[in-house]
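K.L.:
First the structure, then my questions, so here it is.
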Amino acid sequence: MTPIATAFAARAAVTAAIALGGLFTTPSDANALSLRVKLACASDYYKHCSAYSPGSSEVRQCMRAVGAGLSRGCVDALVSAGEVSKAEVERRRSASQTASR
């Protein structure tokens, strides 16, 4: 990647993080999600839930509904942030695999 492309990529990541600042949070949430979660889940938001305004309760509901369709990086970041338990992820994963057989 050229230095200019790298600079544009970095700028795009920072811009996305700022724009998605309220992605999963609602005004009543005391604990906003980490920058790691926002960056890891940005593409999932755009792919699955961009019809909803960042910061709305619908975004959180949408991302939960997508569940197994979320990227591994997003899920890992959500587990690390305590937004979802590892047990819940495993339960959904096994249910998804069973349904697809």
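The values are calculated or read from the model by the stated rules, or taken from the named source; none is laboratory data. Quick caveat, the model's predicted, so the values are computed rather than measured. Positions of Cβ are generated from backbone atoms using ideal geometry, with glycine treated the same way; all protein chains shown enter the neighbour counts.
K.L.:
Could you list, in sequence order, the residues of region 49-71 that are closer than 17 Å to SER34 by Cβ and either part of a helix (DSSP H, G or I) or acidic (Asp, Glu) (or both)?
P.N.:
Selection gives VAL59, ARG60, MET63.
K.L.:
Which numbered condition trips up LYS38, out of (1) modelled with pLDDT under 85; (2) within 12 Å of the chain's Cα centre (by Cα)?
P.N.:
(1)
K.L.:
What number goes with the only condition from (1) at pLDDT below 65; (2) surrounded by fewer than 17 Cβ atoms within 10 Å (Cβ to Cβ); (3) touching a helix residue (DSSP H, G or I) at 6+ places or on another chain (Cβ under 6 Å); (4) not aliphatic (A, V, I, L, M) that ARG11 does not pass?
P.N.:
(3)
K.L.:
Oh, and also: When region 72-101 is examined, which residues are found to be surrounded by 15 or more Cβ atoms within 10 Å (Cβ to Cβ) and in a loop (DSSP other than H, G, I, E, B)?
P.N.:
Within region 72-101, ALA81, GLU83, VAL84 meet the criteria.
K.L.:
Within region 47-62, can you find the residues that are aliphatic (A, V, I, L, M) and touching a helix residue (DSSP H, G or I) at 6+ places or on another chain (Cβ under 6 Å)?
P.N.:
VAL59
K.L.:
Anything in region 53-69 that is of a type in the set (S, T, N, Q) and modelled with pLDDT of 90 or more? List them, or say none.
P.N.:
GLN61
K.L.:
May I ask you to verify whether LYS86 is touching a Leu at 6+ places or on another chain (Cβ under 6 Å) and not hydrophobic (A, V, I, L, M, F, W, C)?
P.N.:
In short, no.
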